[in-house]
């Protein structure tokens with residue numbers, strides 16, 4: 001673990017029934033006077049007890065007895081695990097992994113069955129691009145659709161990113177992936193997160209796809225055209241499905257290379273790129289002007305699938321606007337759509353490739369606008 005707090009995103013775990021952890025825990029408290037402790041372990045235990053007694057109304061004495069019976073002769077302060085977050089100096093007392101997950105995912109029942117929850121614990125998703133990808137990563141973690149994530153983005157948070165990223169002003173200048181990983185750790189410290197702060201490159205792409213076991217789904221949300229193509233070629237090689245939210249008209253793109261290993265990338269819209277080497281791909285896109293990049297994106301997405309307002313935005317790139325236009329509402333929708341689709345793919349409930357639209361301009365239409373709806 002790095003000593004640089006700006007790049008630190010992994011919490012530390014202290015199980016006080018282990019003598020080594022106990023000594024390390026005491027040393028932590030001695031060496032840092034700024035630590036803030038949060039201990040709600042009793043409340044968490046009462047939630048756990050209720051799950052085993054769903055039909056009973058337990059009074060305080062009954063609950064106290066059941067908690068004592070559950071922890072047996074253990075000291076309550078040593079039950080479970082203490083989790084330390086170095087970047088915030090917060091030290092939090094939690095149920096340990098299995099009990100924590102059991103309580104945290106209980107409200108998923110039976111939209112996600114106990115068997116499915118168990119299966120999803122072993123799944124890993126890789127996300128490239130942490131603007132739209134941040135919402136996706138947090139929603140995947142919140143719902144606990146995965147047990148592990150790989151997050152890749154080279155970019156830092158800028159003020160103009162805050163129209164759609166869930167960050168605070170104190171996070172300006174920080175790595176997008178580090179902030180996302182910290183938010184996930186504070187939500188669920190047992191989800192394994194690996195950050196690729198240099199983004200996806202030729203040098204690390206194999207590690208991103210295969211490190212500590214292959215990713216089960218690639219979620220691609222990056223701006224770089226060469227990485228969009230290269231990551232799909234790699235996903236196709238390893239027969240990994242790809243999911244992408246385009247952040248316009250609620251368009252969701254699914255490519256099932258796991259079920260259709262010979263399927264062309266981008267639904268056959270860029271066949272001329274499939275046999276290029278990574279070096280050739282990078283060279284091809286390196287010197288493209290903005291207009292040429294937009295033209296290529298239109299080829300990938302299909303100009304017929306782009307909204308009128310997005311076309312206007314694209315026409316003003318590097319003229320009156322300097323960045324890719326995105327809205328918080330669309331980014332949040334993308335988090336929901338991608339999470340739902342990934343869960344169904346992982347559970348073998350959804351087996352198709354294709355493009356799907358959740359377009360509010362078409363789905364939610366006021367009576368005065370039903371004529372000449374925006375495209």
Per-region count, the range 50-83, residues under 32 Å from the mean Cα position of the chain (by Cα), over 30 Å from residue 26 (Cβ atoms) and either touching a residue at least 12 places away in the same chain (Cβ under 8 Å) or not assigned by TED's automatic domain parsing to the domain that holds residue 21 (or both): 1
Kindly provide the set of residues from the range 106-134 that are assigned to a loop (DSSP other than H, G, I, E, B), crowded, with 16+ Cβ neighbours inside 10 Å and modelled with pLDDT of 95 or more, ordered by number. 112, 121, 123, 129, 130
In the set 271, 236, 311, 293, the lone residue that is on the phi < 0 side of the Ramachandran plot and either surrounded by 20 or more Cβ atoms within 10 Å (Cβ to Cβ) or modelled with pLDDT of 90 or more (or both) is 236
Among helices (runs of 4 or more DSSP H) entirely inside the range 1-77, those with 3 or more residues being over 29 Å from residue 180 (Cα atoms) and out of contact with any helix residue (DSSP H, G or I) (no Cβ under 8 Å at 6 or more places or on another chain) are 19-31, 60-71
Of all residues making up the range 10-21, the number that are without any contact (Cβ under 8 Å) to a residue 24 or more places away in the chain and either under 13 Å from residue 92 (Cα atoms) or surrounded by fewer than 17 Cβ atoms within 10 Å (Cβ to Cβ) (or both): 3
Run down 301, 345, 265, 282 and say which single residue is touching a strand residue (DSSP E or B) at 6+ places or on another chain (Cβ under 9 Å), surrounded by 14 or more Cβ atoms within 10 Å (Cβ to Cβ) and more than 30 Å from residue 364 (Cβ to Cβ). 265
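The values are calculated or read from the model by the stated rules, or taken from the named source; none is laboratory data. No experiment lies behind these values; they were computed from the predicted model shown. Heads up, the Cβs are rebuilt from the backbone with ideal geometry, glycines too, and the neighbour counts pull from every protein chain shown.
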